[in-house]
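Here the structure is laid out as structure tokens; the discussion comes afterwards.
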Amino acid sequence: MQKVFVSVLSVLVVAIFVFVPLLHAVDKVNINTATEKELATLPGIGKGIATRIVEYRKAHGGFKSIDELKKVKGIGSKKFEAIKDKVTVGEVKR
């Protein structure tokens, strides 16, 4: 009985370490493909800044890194810190 419990516990621990990081990756908003509505779900990003993100993306052929968000009017260091773990650039399509 104790061996079964230890085996089940081991499987659960491994599953947690494998699947939890994957769940966090799914939650991120891809700033190269997101709509204005999707961008506006980010903390501190309203319709105006979401529109400027999309405009910047179109003008510059996509974001090469999330740090480029700081070049968008209205996104300073404080706002960037609040969203940096919630966004990704994915693959830039050229």
> Can you pull out the residues in region 47-71 that are closer than 15 Å to K86 by Cβ and over 16 Å from the mean Cα position of the chain (by Cα)?
Replying inline: I49
> Which condition does K28 not pass, out of (1) modelled with pLDDT of 95 or more; (2) in contact with a helix residue (DSSP H, G or I) (Cβ under 7 Å, 6 or more places away or on another chain), if it passes all the others?
Replying inline: (1)
>> So, in region 42-94, exactly how many residues are touching a Phe, Trp or Tyr at 6+ places or on another chain (Cβ under 7 Å), among the charged types (D, E, K, R) and closer than 13 Å to N30 by Cα?
In response: 1
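Being at pLDDT 95 or above and among the hydrophobic types (A, V, I, L, M, F, W, C): is that true of V89 here? Walk me through how you get there before you give the answer.
On the way: at pLDDT 95 or above: yes; among the hydrophobic types (A, V, I, L, M, F, W, C): yes.
So V89 passes the test.
The values are calculated or read from the model by the stated rules, or taken from the named source; none is laboratory data. This structure is a prediction, so every number in the text was calculated from the model and none was measured. Note that each Cβ is placed from the backbone with ideal geometry, even for glycine, and that neighbours are counted across all protein chains shown.
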